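See structure below.
The values are calculated or read from the model by the stated rules, or taken from the named source; none is laboratory data. The structure presented is a predicted model; accordingly, all values stated were derived computationally and were not measured. Cβ placement follows ideal geometry from the backbone for every residue including glycine, while neighbour counts extend to all protein chains displayed. When the accessible area is computed, the model is the full protein with side chains, heavy atoms only, and any ligands, DNA or RNA have been set aside. Shrake-Rupley method; radii C 1.70, N 1.55, O 1.52, S 1.80 Å.
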Amino acid sequence: MNRLSFNRRRMFITIRKLISAKSFGGIILFLSAITAMYLANSSYAKYYFELLNTPFITGFSEHILNMDAKTWVNDGLMTIFFLLAGLEIKRGVLIGELSSMRLASFPIIGAFGGMIIPSLIYISFNPNDTILGFGIPMATDIAFALAILLLFGNRIHISLKLFLVTLAVADDIGAVLVISFFYTSSINMTGIILALITTILLVLLNRQGIKALLPYMVLGFLLWNFFHLSGVHTSISGIIIALTIPITSSIKTKDFIRRMKIRLNYFEKIEESKNEKGLSSKQIGILDVIGNTYDAVQSPLIRLEHNIIPITTFIVLPIFAFFNAGVALSNVSMSLLHPVSLGIILGLTLGKPLGIFMAVYLANYFKIANKPESLRWVDIFGVSLLGGIGFTMSIFIGSVAFSSNELVDLAKLSVIIASVISALLGVTWLYIHLKKTNI
């Protein structure tokens, strides 16, 4: 317990940073999506789509990767997003908001309901050729949803934000499983074997207590390449890398405190006895040792999560939105009454809130999981409405669910429409009920 106490404090800092960054990141994500939609339907559309289709070739000899810019974003850059999702899942399960089943079971059950009901609604409209799109209305975009909660400031209780974060983490687990099992193309056994060997090496690094992040990142890069070769979607490599990153630190908290006291006392004695201005060479050496000690007491997993939150939130996701949200409306020949569109829009706007709210309400009623006292049912329903904002993961799943470009564009447009409707419904509901109670 002592060994993890520093990491728990660091974890809470990371969670606060996660909520804050993703809240503001949601605004940037929205602006990126709006920009993409504008360019795709303006006189600059030609240049926008040329950018998406610009080829990028990397590699050497026979090992060459030739993909367009959009594919590099979806298969390459988005791996960082899935790496962060994996880190959040592992941290949440081991020492975070999912570590206590008594506390986590309530939002987890909500997430389960929020995946099942939208999928069933979609399948009811698409029982045949387009059934693979069932994963599209399952996901919740945490960045957009938190950005909306941010608009209400302190009127939103922190427990409601944590409910949404936990719900979204559990939601991510479901989305990752769906991508793993249902959105895999033809399998290349050589790639599978190489990916399996690399995964074993990552596990061995963890079991041997290697805390440095560089070896994991090097093997992770190889794992991404092997998954790309295998036909299994490369997003899974980000999850696997995250799950092998150690969560325990190199030294215990008590050792950290003892070593820091010794170094600081020595630093102070030198300061009192020296005559020259500035830091002496011995003091600089002590600071280097203090820096190394500080690194050693930190959890590699939490340190990595802490560092890539801003990268993912302010770079990866906005770029993904820019490259994927641009749908030329003139090219969408299918009606919004098409079964795919109806399944997505109704799945997100209707299925998500009903699935989340009904699941937690029934769980509380039958004493399967207890509603936290700090949460009100009206607020939970408001967050359930925001759960229909599926943007990032829904668009991502839509891009791998269909082979037809027309269906992909229709799915994207449907996700955008459903997300806007869900956001408006959630904001209106929360505004009315928060104003009534003046929280």
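Filter region 174-193 for residues that are open to solvent by 60 Å² or more (accessible area, probe 1.4 Å) and in a helix (DSSP H, G or I) and give the result.
L177, F181, F182, M189, T190, I193, listed by residue number.
Considering region 347-365 alone, what residues qualify as being over 30 Å from I28 (Cα atoms) and either open to solvent by 50 Å² or more (accessible area, probe 1.4 Å) or basic (K, R) (or both)?
Residues satisfying the conditions are M358, Y361, L362, Y365.
Would you be able to tell me the number of residues in region 115-145 that are more than 16 Å from V415 (Cβ to Cβ) and either surrounded by 21 or more Cβ atoms within 10 Å (Cβ to Cβ) or in contact (Cβ under 8 Å) with a residue 60 or more places away in the chain (or both)?
5
Evaluate the following for L223: is it modelled with pLDDT of 90 or more, surrounded by fewer than 19 Cβ atoms within 10 Å (Cβ to Cβ) and touching a helix residue (DSSP H, G or I) at 6+ places or on another chain (Cβ under 8 Å)?
Taking the combined requirement at face value, the residue does not satisfy it.
For region 396-418, give me each residue that is closer than 21 Å to V176 by Cα and among the polar types (S, T, N, Q).
Of everything in region 396-418, those that are closer than 21 Å to V176 by Cα and among the polar types (S, T, N, Q) turn out to be S399, S403.
Kindly indicate whether any position in region 281-292 is out of contact with any Lys or Arg (no Cβ under 8 Å at 6 or more places or on another chain), surrounded by fewer than 18 Cβ atoms within 10 Å (Cβ to Cβ), at pLDDT below 85 and within 24 Å of L213 (Cα to Cα).
Yes, region 281-292 has at least one match.
Which condition breaks for K261 when tested against (1) surrounded by 18 or more Cβ atoms within 10 Å (Cβ to Cβ); (2) farther than 30 Å from V400 by Cα?
Just one mismatch for K261, condition (1).
Name the one entry in L410, L342 that is closer than 17 Å to Y122 by Cβ, in contact with a Phe, Trp or Tyr (Cβ under 7 Å, 6 or more places away or on another chain) and not aromatic (F, W, Y).
L342
May I ask you to list the residues in region 371-389 that are modelled with pLDDT under 90 and open to solvent by less than 20 Å² (accessible area, probe 1.4 Å)?
Matches in region 371-389: L375 only.
Which number in (1) at pLDDT 90 or above; (2) surrounded by fewer than 22 Cβ atoms within 10 Å (Cβ to Cβ); (3) of a type in the set (G, A, S) marks the one condition that S99 misses?
Of (1) at pLDDT 90 or above; (2) surrounded by fewer than 22 Cβ atoms within 10 Å (Cβ to Cβ); (3) of a type in the set (G, A, S), only one is false for S99: (1).
Which condition number in (1) outside any helix (DSSP H, G or I); (2) of a type in the set (V, I, T); (3) surrounded by 19 or more Cβ atoms within 10 Å (Cβ to Cβ) is the one that I148 fails?
(1)
So that you can scan it fast, the table gives a plain yes or no per residue for (1) touching a helix residue (DSSP H, G or I) at 6+ places or on another chain (Cβ under 8 Å); (2) aliphatic (A, V, I, L, M); (3) surrounded by fewer than 19 Cβ atoms within 10 Å (Cβ to Cβ); (4) at pLDDT 95 or above:
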residue	(1), (2), (3), (4)
V203	yes, yes, yes, yes
P215	yes, no, yes, yes
L229	yes, yes, yes, no
A242	yes, yes, no, no
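Can you name the number of the only condition in (1) modelled with pLDDT of 95 or more; (2) open to solvent by 10 Å² or more (accessible area, probe 1.4 Å); (3) among the β-branched types (V, I, T) that I368 fails?
(1)
Name the one entry in A21, A45 that is modelled with pLDDT of 90 or more, open to solvent by less than 40 Å² (accessible area, probe 1.4 Å) and either polar (S, T, N, Q) or in contact with a helix residue (DSSP H, G or I) (Cβ under 7 Å, 6 or more places away or on another chain) (or both).
The conditions single out A45.
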